[in-house]
Structures are given as structure tokens and as C-alpha cells.
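As C-alpha cells, the structure follows; a few thoughts come after it.
The values are calculated or read from the model by the stated rules, or taken from the named source; none is laboratory data. For clarity, every value in this text was computed on a predicted model and none was experimentally measured. Because the Cβ atoms are built from the backbone with ideal geometry, glycine has one as well, and the counts that use them run over all protein chains shown.
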Amino acid sequence: MDTHRHEIVFNNYFQLHERFSELSKGDPIRGQTYSFFPNRYSDWLRRIILKTGKLPQNRLLVELPELTLSVGNQLVLSWEEDKEITEALSSLNYTIYESQVGMILPDSKRFVFQEMRSDPSITFRRLTDGGEIQAWLSLVNEAFGSMDESELYRNALSDEAFRFYTAFHHDEMVATALTFQNQESVGLYSVTTSPSYRNRGIAYTLVGKIVAENEFPLPFTLQATKMGKGIYDKLGFLEIGTFRHWRK
């Protein structure tokens, strides 16, 4: 396992939750085995993230129940492939409801982007108008089954760490993407296409353009669903590990 790349992929996702919690005026709670990021605007971003490295099972079994007494049952995210973590969470009645593949594009040498034949009715651009956030978020919420509130993303629009992207068919927004940049990587998030426009290469082209036009020499990271992983394989991303989402 490439430990450094492993850390880069985790750190971007961790810091994304941290930054969104700050934007929501949340007050994180940090234990020896976890960080909890409250977020009043998002059920998906309000979660417990387990720390990386070797976690003492007995400590986890004490800390998580104590935390849930004060904040209620929350989503839990784990990154490490660890038998003790799995046993501890299972004994606390958590089950995995979703897994995502952590991926990285370490440098431009691996990047392979063959832009498809252009369709003049499809345009791609960065979103800078706060008035378009609601349409952007509606696509994301529908695709991921979330109920995030637009105020959070309007706050993020003015934060230099975030960039919003979209694709239009004429005047209709049909695809979305978001990047979050920290000191060591650029994370790709919220990549989705409206159901009636899928299988036309729109998401592939949108992501390809984002990577190709990025001015910072940093690796890209992401968490791929089964449906989206093929796009990132084609672009040269490498599979690094698995994020596991747990709930009661």
C-alpha cells in the first residue's frame, strides 16, 4: 500500500467535512478515535469520521456510545481496512450501507482525456453566480438522495477552497461537479448527470475539462460509486482504498 497516497485521499475528504462544518458554524467534537462534524444544513456532511491508524477497539467501544448520548445516532465513516474497527462497529449495531472506492490521479502523466465529439448544444463552465446554486444543488440532492440546504453551498461559493462546475444543454443545467482544494490535493465531489442525459459522455467530459484546465500541480482525489468508477478508470485514476459508510 502507498501510505502517502492513502493519506492524501483520506485527508481531502476529512478536511472537506471540516470546512463545511465551519461554514455551517458547527462546533466539532474530537475524541481519541473520531472527529464529529456537526452541520445544520446537511445530513450527509454531519457525520462521525474515524481517525486513521491503529485504533484501540476498547477505546472506540467507549467513545462512540458516549458521543451518541450527546449528539444522537450519526453516520460513521471509516477508511482503514481494520478487523477490530469492523468488529467494534458491528457490536454497536452499526451496519455498512454504502461503500465508495477512494481514488487518486497522482500526476498529469497518468491523465488520459480523449474529448468526445463536441455537441454544440452542451456547454461546460465554472459556476460563479449564487443564483444558480439552487438548480445545481437540486441535481445533486436528487442524484444522491440527500436533502442539503442551499445556504451552505452559497457560503462555499465565496470560499476560495471550493469551485463549482456545471454542464448545460441549452439553458437547462444537466450535470454538476465540485472541487475542494487543500494544500496537498484537489478533491472531486458531487459529480452527477441528470438521468435523461446520462450515457452521453457529459460527466466524463466535465471531469476531464476540470482536470485538464486545473492550474495547480496537485493530485486529484475522489470517492467513486460503482456507477461512476468507470469514468475515472478511463481518465487514469488509481484505486487506493475503500470508504465505508455506517449507520444504525
Hits in the range 1-34 (condition: farther than 23 Å from Ala224 by Cβ and surrounded by fewer than 18 Cβ atoms within 10 Å (Cβ to Cβ)): Glu22, Lys25, Asp27, Pro28, Ile29, Arg30, Gly31, Gln32
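Residue by residue, here is whether (1) closer than 30 Å to Pro106 by Cα; (2) modelled with pLDDT of 95 or more; (3) touching a Phe, Trp or Tyr at 6+ places or on another chain (Cβ under 7 Å) holds:
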| site | (1), (2), (3) |
| --- | --- |
| Met1 | yes, no, no |
| Asn11 | yes, yes, no |
| Phe14 | yes, yes, no |
| Leu23 | yes, yes, no |
| Gly26 | no, yes, yes |
| Gly31 | no, yes, no |
| Thr52 | yes, no, yes |
| Asn58 | no, no, no |
| Leu67 | no, yes, yes |
Some residue of the range 62-75 being in the same structural domain as Ser35 (by the TED database) and assigned to a strand (DSSP E or B): yes
Output for the range 212-248, where each listed residue is part of a loop (DSSP other than H, G, I, E, B) and either of a type in the set (Lys, Arg) or at pLDDT 95 or above (or both): Leu218, Pro219, Lys226, Gly236, Phe237, Lys248
Residues being within 20 Å of Ala224 (Cβ to Cβ) and crowded, with 16+ Cβ neighbours inside 10 Å - total across the range 116-147: 4
Residue match in the range 186-195 (condition: assigned by the TED database to the domain that holds Leu127, under 13 Å from Ile122 (Cα atoms), among the hydroxyl-bearing types (Ser, Thr, Tyr) and surrounded by 20 or more Cβ atoms within 10 Å (Cβ to Cβ)): yes
Members of the range 40-71 that are under 23 Å from the mean Cα position of the chain (by Cα) and either of a type in the set (Asp, Glu) or at positive phi (or both): Asp43, Gly53
